[in-house]
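Right, one structure below, let's go through it.
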Amino acid sequence: MGNNLTDEQWQGVITNNATYDGQFFYGVRTTKIFCRPSCKSRAPKRENVELFHSKEEALAAGFRACKRCKSGGEKVPDDEWTFQIKAYLENNYNQSITLEKIAEECHGSQYHLHRVFKRQTGTTPLEYLHHIRIQQAQYLLKESTVSISKIAEQVGIPNSGQFATLFKKVVGETPNHYRQRVIREESGL
């Protein structure tokens, strides 16, 4: 169906109008999740919406069924939902993210999302997010001369003190010591 989103269809999506269910599905490009028009999830940005005639068409385009509205016809398996959550975190780690925002974007309740994610991965969504941020920070500390405070901002932790504390907790040394050690090791000193 593509991007032929009519004003009427858009109104159906943003008002969660169930009369459009069965007529089309809409996918959100930023989350790669597709929903029924009646889905009670937060309204997406119109420019991120892609329309589909069927759930099969959405699945073939690489979208996954919504956990909230069960757009795939049945409950989304926990491993697929965990994959969606991980993808959301990996693509948005540099943004301000809360458990509430993750649940909203990944179409589920906070409590259920937290429980399923921890059962599937052994870690919480926010711990997973911290891991992604610290990995990216390590890369930036190694590959750039950008200040530590700027790196903290780039990985989604605008408070430098909070960033340094988290970095040390995860890596075992401060960002500055990490950078100095990596430089020494690469220069053979």
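The values are calculated or read from the model by the stated rules, or taken from the named source; none is laboratory data. Keep in mind the model is a prediction, meaning the values are calculated, not measured. Neighbour counts run over all protein chains shown; Cβ positions are idealised from the backbone, glycine included. These accessible areas exclude ligands, DNA and RNA; they are computed on the full protein's heavy atoms, side chains included. Shrake-Rupley method; radii C 1.70, N 1.55, O 1.52, S 1.80 Å.
Expressed as a whole percentage, what fraction of the accessible surface of segment 1-140 belongs to carbon and sulfur atoms when a 1.4 Å probe is rolled over the protein heavy atoms? Solvent-exposed carbon and sulfur of segment 1-140 make up 47 percent of the total. Remark: segment 24-93 carries a charge dipole of roughly 380 debye about the Cα centre, counting +1 on each Lys and Arg Cβ and -1 on each Asp and Glu Cβ. Each 5 Å bin from zero up to the one holding the largest Cα-Cα distance in segment 3-59 carries the following percent of pairs: 4, 22, 37, 28, 8, 0.
Here segment 143-189 is assigned +1 on the Cβ of each Lys and Arg and -1 on the Cβ of each Asp and Glu. Its dipole about the Cα centre then comes out at about 160 debye. Both radii are taken from the alpha-carbon atoms of segment 90-189; with Rh as the Kirkwood radius, Rg/Rh is 1.05.
Of [x] 9.6; [y] 12.6; [z] 10.5, which is the value of mean projected area of the Cα convex hull in nm² derived from the coordinates here? Recomputing mean projected area of the Cα convex hull in nm² here gives the entry labelled [y]. Relative contact order of the chain, taken over Cα pairs closer than 8 Å and 6 or more residues apart, is 14 percent.
Selection among 102, 38, 28 by position relative to the dipole of segment 22-113 gives 38 as farthest towards the positive end (Cβ unit charges, Cα centre).
Only DSSP H runs of four or more residues enter the estimate; each adds -39500 (n - 2.57), and after division by the residues of the chain the mean residue ellipticity at 222 nm equals -16000 deg cm²/dmol.
Counting pairs of Cα atoms in segment 28-121, how many percent are more than 18 Å apart? When all Cα pairs of segment 28-121 are counted, 40 percent exceed 18 Å.
Taking other residues whose beta carbon is less than 14 angstrom from the beta carbon of residue 165, and scoring Lys, Arg as +1 and Asp, Glu as -1, yields +2.
For residue 103, neighbours were defined as the other residues whose beta-carbon sits under 13 Å from its Cβ, and their charges (Lys and Arg +1, Asp and Glu -1) total +3.
The residues of segment 1-90 expose on average 49 square angstrom of accessible surface per residue, using a 1.4 Å probe on protein heavy atoms.
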